[in-house]
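Chemist: Below you will find the structure I want to go over with you.
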Protein chains: 2
Amino acid sequence: MAVRFALNEHMGKEFLEYTEGKEFRFVLCIAYTDTAEIDGITVAGADKESIKYTPPADAEFLHYGKCRCIDTVPATPDGKPTPALITRAALRLAGIPIFIVDAGSKVKPRVRHYSLAVKHGRNIIYGNALDKEEVIESFNSSIELGQILARSTDCLVIGESIPAGTTTALAVMLSLGIDARFKVSSSMPKNPHDIKLNTVYKGMSSAGIGIGSLRDRPLEAIACIGDPMIPSVAGMTIGALKYGSRVLLAGGTQMAAILAVIKYLGNKTDGLAIATTSYVMNDSSADMRALVHSIDASVPLLYYDPLLHRSSKSGLRAYAEGFVKEGVGAGGACIAASAKSMHSISQEDILAAVEDEYERTIERIK
Amino acid sequence: MAVRFALNEHMGKEFLEYTEGKEFRFVLCIAYTDTAEIDGITVAGADKESIKYTPPADAEFLHYGKCRCIDTVPATPDGKPTPALITRAALRLAGIPIFIVDAGSKVKPRVRHYSLAVKHGRNIIYGNALDKEEVIESFNSSIELGQILARSTDCLVIGESIPAGTTTALAVMLSLGIDARFKVSSSMPKNPHDIKLNTVYKGMSSAGIGIGSLRDRPLEAIACIGDPMIPSVAGMTIGALKYGSRVLLAGGTQMAAILAVIKYLGNKTDGLAIATTSYVMNDSSADMRALVHSIDASVPLLYYDPLLHRSSKSGLRAYAEGFVKEGVGAGGACIAASAKSMHSISQEDILAAVEDEYERTIERIK
């Protein structure tokens with residue numbers, strides 16, 4: 001079987017067995033933070049002007065197989081394509097429906113979606129990234145949305161698309177007292193830890209907070225130095241778990257920040273698992289395992305290798321060479337496809353489908 | 001009991017008894033058509049410039065108790081307030097949650113909502129009101145949304161806010177061969193039948209269609225001379241009924257057009273009822289009973305009198321004098337509140353709550 005376990009293998013297997021053959025729904029939560037415009041902090045866009053289009057374009061790509069707000073697909077400055085290719089390939093193979101949530105994007109998606117009607121985030125260096133009332137409203141609205149969605153599926157898989165999201169995740173975790181320094185992953189082979197930490201320290205200083213000082217106030221931590229994706233994904237997870245759906249948080253180290261918010265707000269995490277790609281798990285410049293374990297030692301961490309190192313396409317092989325690595329819930333989408341199909345969808349199937357997506361889009365655009 | 005029956009009393013009572021004490025969810029579908037800018041066709045706005053704000057403002061009012069895109073509340077040019085006051089009062093008394101769907105508004109609501117990401121409608125006189133592909137996509141998306149919502153409740157109550165919606169409803173019904181002439185209601189005491197019919201005939205002529213010529217093609221009828229609310233409400237209803245939820249279509253004569261689309265597309269209507277206010281039922285310039293009966297003789301038609309004639313507020317008494325009459329699902333919201341509370345919420349309770357809303361908003365604004 002292609003699904004691997006990095007933490008709590010026993011619980012991870014239970015999670016997987018429970019969901020085998022069941023109904024899944026994939027939720028993509030898109031948002032934006034001006035933090036993404038800091039030099040060198042992200043490559044989630046061909047250039048600085050393009051970054052804000054990446055979240056809506058990812059949503060459009062998942063739905064239509066092409067973007068509407070841009071002519072191409074989101075890519076790094078040197079052309080490595082969005083992980084939405086992996087997500088779309090996996091979800092389509094397994095027939096898993098999608099649901100898009102706009103939790104604060106700067107450019108609105110031209111595809112059906114649920115809008116939380118909140119603003120995108122400000123640069124966290126100023127220490128007041130989001131309006132506190134909007135964080136609370138987004139969080140509560142998302143709890144309600146999670147409850148609605150939970151009743152329409154057996155397992156909700158929640159992914160994200162927000163450029164610079166590992167920096168805001170780092171900020172929130174540090175303010176909650178989780179030592180996430182040098183542990184968050186990056187879409188670049190050379191992880192810009194110094195830029196991220198500098199950004200976070202500036203934000204903390206502006207907000208007048210320190211490491212661990214908001215341990216008991218996760219929503220305030222988000223308002224000071226977080227991003228608008230966090231309260232939404234945390235809220236949906238809490239709402240869905242409450243109504244008996246399983247939840248697979250699909251993403252990289254950002255999902256550790258979500259887990260921390262859920263946990264530090266006093267919620268149970270039964271029924272929750274985290275899923276990522278092998279590229280994040282193998283990232284020697286980060287430590288997803290340690291992060292998750294330090295926040296909640298009982299949560300299973302699953303990961304998946306979509307075999308992109310074997311691809312004939314250099315843009316896909318790049319994933320195995322340290323570029324992009326994860327995003328748009330790619331790893332979790334693969335695991336969901338595997339589980340829904342009783343593991344009849346193989347890694348090779350997913351690789352082939354991703355290459356099809358690549359040929360259909362990247363190579364046709366070129 | 002305050003709920004009255006205009007058609008199929010037996011089935012109507014069964015519907016009501018089934019839903020007593022059950023879970024309800026109220027869906028408000030907002031949209032816009034440029035048809036609303038024809039002189040004398042609607043009073044759903046203080047002036048021509050204001051009309052496009054009415055649907056999002058209604059949504060905001062339902063949610064927040066005040067509007068965000070305008071400073072006041074939607075009203076007729078001479079100050080009769082939106083029926084959203086009745087809807088909000090009834091839903092709050094009974095604790096019924098709301099869900100807003102933007103099916104093509106011109107001004108986006110500043111409140112959480114599901115967006116179908118479609119454009120608002122063009123003036124139907126040109127005969128190509130909506131893009132056919134968008135009608136189909138909106139219809140199919142709404143079926144899926146209806147399925148999701150159905151699983152989160154026992155009864156979906158669906159209301160609308162779209163200015164000039166009775167004219168587009170008339171147009172669609174005529175093109176389907178339903179003789180709706182002089183049968184659709186109006187927000188004015190003097191129903192401008194001539195303006196509506198002229199508009200419809202111009203649209204039919206532009207589209208090269210005639211009375212009954214699109215009998216087998218309801219979605220094409222909507223694309224030619226309909227509005228974007230219709231495919232969404234029809235789709236949600238079909239999706240929700242399929243997943244075992246009851247559906248209460250809450251509105252005036254527009255809901256007859258929805259019923260026709262559902263029916264003429266070959267769908268069953270078991271589990272469906274229509275609900276309106278006594279003001280629509282008593283409208284001597286319209287004939288809701290005949291319309292519904294001619295489309296589907298098996299669908300129950302329920303109505304409710306919120307006793308506004310007894311109000312001390314002239315703006316509310318106006319409803320009983322032929323102004324506004326219905327909208328934002330007011331009649332259906334009252335019936336849902338009555339059913340959910342096992343009819344412990346009385347007409348007097350609703351009147352008092354509506355007057356509270358009036359005092360809190362209209363009289364404070366003045």
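Computed from the coordinates by the stated procedures, all read-outs in this text should not be read as laboratory data. Fair warning: this is a prediction, and the values are worked out from it, not measured in the lab. Quick reminder, even Gly has a Cβ in these numbers, built from the backbone with ideal geometry, and neighbours come from all protein chains shown.
Chemist: May I have the extent of the alpha carbons of region A:1-101 along their three principal axes, as whole Å values ordered from largest to smallest?
Modeler: 44, 29, 23
Chemist: Less than 16 Å apart at the alpha-carbon level, and either on another chain or at least 8 residues along: which aspartates and glutamates does that give for residue A:190?
Modeler: Partners within reach: A:39, A:78, A:283, A:287, A:321, A:326.
Chemist: Would you work out the Kirkwood radius for region B:63-107? I mean one over the mean of 1/r across all pairs of different Cα atoms, in Å.
Modeler: By the Kirkwood definition, the hydrodynamic radius is 12.3 Å.
Chemist: At a Förster distance of 25 Å, what's the computed FRET efficiency of residue A:133 paired with residue A:198, Cβ-Cβ distance as r, to 0.05?
Modeler: It comes out at approximately 0.30.
Chemist: Which of B:83, B:306, B:192 moves the most in a Gaussian network model of chain B with Cα springs under 10 Å?
Modeler: Looking only at B:83, B:306, B:192, the biggest GNM fluctuation is shown by B:192.
Chemist: Could I ask something else about it? Exposure proxy check: B:274, B:195, A:209 ranked by fewest other beta carbons within 10 Å?
Modeler: B:195, A:209, B:274
Chemist: What whole-number distance in Å separates the alpha-carbon centres of region B:7-37 and region B:308-338?
Modeler: Comparing the Cα centres of region B:7-37 and region B:308-338, I get a distance of 16 Å.
Chemist: Of all GluC sites (Glu not before Pro) in region A:318-354, which ones are in loop regions per DSSP and have a Cβ with at most 11 other Cβ atoms within 10 Å?
Modeler: Qualifying residues, ordered by number: none.
Chemist: Another question, if that's okay. So what is the calculated 222 nm ellipticity per residue for chain B, using -39500 (n - 2.57) for each DSSP H run with n of 4 or more, over all residues, to the nearest 500 deg cm²/dmol?
Modeler: Helices in chain B give a 222 nm mean residue ellipticity of -12500 deg cm²/dmol.
Chemist: Is the shape of region A:83-140 best called rounded, prolate or oblate, per the rule: a/c under 1.5 gives rounded, else a/b larger than b/c gives prolate, else oblate, with a ≥ b ≥ c the square roots of the Cα gyration tensor eigenvalues?
Modeler: Prolate is the answer for region A:83-140, as a/c is 1.5 or above and a/b outweighs b/c.
Chemist: Rounded to the nearest Å, what's the spacing between the alpha carbon centres of region B:135-157 and region A:77-138? Just the number, please.
Modeler: Result: 23 Å between the Cα centres.
Chemist: Just add up the charged neighbours of residue A:32: K/R +1, D/E -1, any other residue whose Cβ is under 11 Å from the Cβ of residue A:32.
Modeler: Combined, the nearby Lys, Arg, Asp and Glu give +1.
Chemist: Can you spot the aspartates and glutamates whose alpha carbon is less than 14 Å from residue A:268's alpha carbon? Ignore those fewer than 8 places along the same chain.
Modeler: A:296
Chemist: Please figure out what share of the DSSP beta bridges in chain A is antiparallel and state it in percent, rounded to the nearest 5.
Modeler: About 15 percent, rounded to the nearest 5.
Chemist: Using Cβ contacts closer than 10 Å as the measure, can you line up B:47, B:78 from fewest to most?
Modeler: The fewest-first ordering by Cβ neighbours comes to B:47, B:78.
Chemist: Would you mind telling me the antiparallel percentage of the DSSP bridges in the protein assembly as shown, rounded to 5?
Modeler: Of all bridge pairs located within the protein assembly as shown, approximately 15 percent are antiparallel.
Chemist: Then there is this: With label points built 7 Å along Cα→Cβ from the Cα atoms of residue B:205 and residue A:314, find their separation and express it in nm.
Modeler: A separation of 6.4 nm, rounded to one decimal place.
Chemist: In the neighborhood of residue B:348, defined by Cβ-to-Cβ distances under 14 Å, what is the net charge if each Lys or Arg adds +1 and each Asp or Glu adds -1?
Modeler: Overall, the nearby charge balance is -3.
Chemist: How about region A:130-227: which GluC sites (Glu not before Pro) there lie in a loop by DSSP and see at most 11 other Cβ atoms within 10 Å?
Modeler: Taking region A:130-227 and a limit of 11 other Cβ atoms within 10 Å, no loop GluC sites (Glu not before Pro) are found.
Chemist: Take peptides B:2-9, A:32-39, A:233-240 and line them up by average Cβ neighbours within 10 Å, highest first, as a rough protection proxy.
Modeler: Most protected by this proxy first, the peptides run A:233-240, A:32-39, B:2-9.
Chemist: Just tell me how shielded B:149-155 is by partners: mean number of partner chain Cβ atoms within 10 Å of each residue's Cβ, no decimals.
Modeler: Per residue, the average neighbour count from other chains is 3.
Chemist: Here's a follow-up. Rounded if a/c is under 1.5, else prolate if a/b is larger than b/c, else oblate: which is the protein assembly as shown, with a ≥ b ≥ c the root eigenvalues of its Cα gyration tensor?
Modeler: Since a/c reaches 1.5 and a/b is larger than b/c, the shape of the protein assembly as shown is classed as prolate.
Chemist: Treating only the Cβ atoms of Lys and Arg (+1) and Asp and Glu (-1) as charged, compute the dipole magnitude of region A:182-248 about its Cα centre; round to the nearest 20 debye.
Modeler: 180 debye
Chemist: Please report A:311, A:245, A:105, A:294 as a ranked list, fewest other C-beta atoms within 10 angstrom at the top and most at the bottom.
Modeler: If I rank by nearby Cβ atoms, fewest first, I get A:294, A:311, A:245, A:105.
Chemist: Please quote Rg/Rh for chain B to two decimal places, taking the Kirkwood radius as Rh and restricting both calculations to Cα atoms.
Modeler: Taking Rh as the inverse mean 1/r over Cα pairs, Rg/Rh reads 0.93.
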